[in-house]
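A.B. asks: Take a look at this one; I'll ask things after.
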Amino acid sequence: MFALYGIGFVAACLISLLMTPLVKKFAFWVGAVDAPNHRKVHTRIMPRLGGLAIFLAFVGAYFIVSPAIDTFNRDAAMALLVGGLVIVITGGLDDRFQLSPRWKLLGQLIAAIIVVAYGFRIDFLNIPFGDSWNLMEWISIPLTIFWIVGVTNAINLIDGLDGLSAGVSGIATATILVLALLMGGSGVTVVLLSSILLGSIVGFLFYNFHPAKIFMGDTGALFLGFSLAVFSIMGFKQATLISFLVPLLILGVPLSDTFFAILRRYVNKMPISAPDKSHLHHCLLQLGFSHRKTVLIIYGISAVFGLSAILMSQAELWVAILIAAALFAILVIGAEMIGIISKSRRPVLNFLQKIRVKAMPGRMPK
């Protein structure tokens, strides 16, 4: 079985390596290119649609490996493939024609509804110090659709530097893969699909890491976000008593960046959908880090979130709570230090500074 997972990873990686140059030529041919502007970091016209290579590698490797495995859920695979196709078409049209937000949202809603139609949804929540809450359909279905659409867009929001979205998604996928392996037999489906997706991402990163030769575009960012959202629904509803936190940690970087973006725009009285240059990668660049170092720093942050998710899934409840509390404190303090919410309002840091000053012994007068 493990050999087949490895074959799926290698097949996806090779297909992605072979398909990406072809997709690059196709992107130029159809005019799916990204021109530089005041919000963009790149300074020359770049081909988009790179996500098409990721999707084609994923589909190709799946059909190579899946006939040899009888113990996985084929409905799960079809939900991902069919919904993913809708997402890729939506992203591809946006990469070429710049769709309005409502049309992009429509495509995402259709893809999410397809997943629900295949029988996958958030049907209960595990609560710390309590029992699981079984959710009725009228709550479960909208919650599932909201989760899928939210995560899909969260990955898209961090797609601002060469290799950033692909790398962060790869780390999240690897985390899901490890967690699914720890689950044993019940995680076979997620192990197979995440192995293939990880291979597709790794192959694409050869062309996408700085300096990038092609961007994944909305085609890739939306597909990766959609895939990660679906994996989290399939795999971890029964992992631990605090399993409601595990998917949040796996996707810690894009979800926290999205949360801070919403909060930032609220604090600055801007429309929620208004674009800006204050996302995590923008803030790190403004602090003087190079393009490559900024991406690597965010990779490191994503890896810490992923490792924390793995530890929390295996730890005692009190240990998991301590990990969650420590991560939350670091997240809030780090956000204020780099100014991701506001460059001038830093209430937590100011509070800590007051405590430190009060704790210092007074100097004796000379």
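The values are calculated or read from the model by the stated rules, or taken from the named source; none is laboratory data. Just so it is clear, the model here is predicted, and its values are computed rather than measured. Backbone-built Cβ (ideal geometry, glycine too); neighbour counts: all protein chains shown. Heads up: the accessible areas ignore ligands, DNA and RNA and are worked out on the full protein's heavy atoms, side chains in. Shrake-Rupley method; radii C 1.70, N 1.55, O 1.52, S 1.80 Å.
A.B. asks: Only one of these is part of a helix (DSSP H, G or I), at pLDDT 90 or above, touching a Phe, Trp or Tyr at 6+ places or on another chain (Cβ under 7 Å) and not hydroxyl-bearing (S, T, Y): I301, I297. Name it. Outline the logic, then answer.
C.D. replies: Values: I301 fails: touching a Phe, Trp or Tyr at 6+ places or on another chain (Cβ under 7 Å).
Going through I301, I297 in turn, just one is part of a helix (DSSP H, G or I), at pLDDT 90 or above, touching a Phe, Trp or Tyr at 6+ places or on another chain (Cβ under 7 Å) and not hydroxyl-bearing (S, T, Y): I297.
A.B. asks: So, in the range 325-355, of the ones that are open to solvent by less than 40 Å² (accessible area, probe 1.4 Å) and in contact with a Gly (Cβ under 9 Å, 6 or more places away or on another chain), which residue ends up modelled with the highest pLDDT?
C.D. replies: Within the range 325-355, the match that is modelled with the highest pLDDT is L327.
A.B. asks: Another question, then. Got a sec? Which of L99, L80, L14 is assigned to a helix (DSSP H, G or I) and open to solvent by 10 Å² or more (accessible area, probe 1.4 Å)?
C.D. replies: Matching residue, one of L99, L80, L14: L14.
A.B. asks: Separate question: Filter the range 1-34 down to residues that are touching a strand residue (DSSP E or B) at 6+ places or on another chain (Cβ under 7 Å) and charged (D, E, K, R), then give me how many there are.
C.D. replies: Number satisfying all stated conditions: 2.
A.B. asks: For the range 20-36, indicate whether the set of residues that are modelled with pLDDT of 90 or more, of a type in the set (K, R) and assigned to a helix (DSSP H, G or I) is non-empty. Quick ask: steps written out before the conclusion?
C.D. replies: Quick first cut of the range 20-36, residues modelled with pLDDT of 90 or more only: 20-33.
Filter once more, keeping what is of a type in the set (K, R): 24-25.
Among the residues that remain, those that are also assigned to a helix (DSSP H, G or I) are: 24-25.
Yes; the residues of the range 20-36 include at least one that is modelled with pLDDT of 90 or more, of a type in the set (K, R) and assigned to a helix (DSSP H, G or I).
A.B. asks: What's the total number of residues in the range 1-33 that are among the aromatic types (F, W, Y) and either within 17 Å of S66 (Cβ to Cβ) or in contact with a Lys or Arg (Cβ under 8 Å, 6 or more places away or on another chain) (or both)?
C.D. replies: Total meeting the criteria: 3.
A.B. asks: Report yes if some residue within the range 44-67 is at pLDDT below 90, part of a loop (DSSP other than H, G, I, E, B) and surrounded by fewer than 17 Cβ atoms within 10 Å (Cβ to Cβ); otherwise report no.
C.D. replies: Yes, there is a match, as at least one residue in the range 44-67 is at pLDDT below 90, part of a loop (DSSP other than H, G, I, E, B) and surrounded by fewer than 17 Cβ atoms within 10 Å (Cβ to Cβ).
A.B. asks: Within the set of pairs 6+ apart or on separate chains, which have a first residue in the range 204-221 that is open to solvent by 10 Å² or more (accessible area, probe 1.4 Å), a second that is among the basic types (K, R), and C-beta atoms under 7 Å apart?
C.D. replies: Matching pairs, first to second residue: Y207/K213; H210/R292; K213/K24; F215/R48.
A.B. asks: Looking only at residues in the range 286-303 that are touching a residue at least 12 places away in the same chain (Cβ under 8 Å) and under 18 Å from L255 (Cβ atoms), which one is surrounded by the fewest Cβ atoms within 10 Å (Cβ to Cβ)?
C.D. replies: Checking each candidate, the answer is I297.
A.B. asks: Determine which member of the set D162, D123, D131 is modelled with pLDDT of 80 or more and among the acidic types (D, E).
C.D. replies: D162
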